[in-house]
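The values are calculated or read from the model by the stated rules, or taken from the named source; none is laboratory data. This structure is a prediction, so every number in the text was calculated from the model and none was measured. Virtual Cβ from ideal backbone geometry, glycine too; neighbours counted across all protein chains shown.
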Amino acid sequence: MYANGQHEAIQHQEEFIFALAQANAPQFPALSALWEAYYDDPRISSAQASALLHELIALLAINGGSANKSLVNTVVRLLPFFSMASQGGHEIRTQSD
């Protein structure tokens, strides 16, 4: 994912976040939509980045919070990137492997 000269990625081993979101898809529409388009190189608007930011926080909260180390590491690493895009009004360009 690329925005405003910054780069971030969801690694293959981190894709479990999408399975967690799919388990309660109505609560995580932005994460579910990202997963559906994940391998199609979606563009993510700043509004979508804001939704993803909040959904990642909620995902962490309902899946063990700080006790879930693998989820904490992934979410905490992604939050600043989505926040930057959201606050700066930057579109995120993606490129799958």
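Looking across Ser50, Ser45, one residue alone is among the polar types (S, T, N, Q), touching a Phe, Trp or Tyr at 6+ places or on another chain (Cβ under 8 Å) and over 17 Å from Ser96 (Cβ atoms). It is Ser50. Restricting attention to segment 40-83 and to residues that are within 14 Å of the chain's Cα centre (by Cα) and of a type in the set (Gly, Ala, Ser), the residue that is surrounded by the fewest Cβ atoms within 10 Å (Cβ to Cβ) turns out to be Ala47. Applying the criterion of being within 15 Å of Glu15 (Cα to Cα) and among the aromatic types (Phe, Trp, Tyr) to the residues of segment 30-85, the residue that is modelled with the highest pLDDT is Trp35.
Condition check for Ile10 on (1) in a helix (DSSP H, G or I); (2) β-branched (Val, Ile, Thr); (3) within 10 Å of the chain's Cα centre (by Cα): one failure, at (1).
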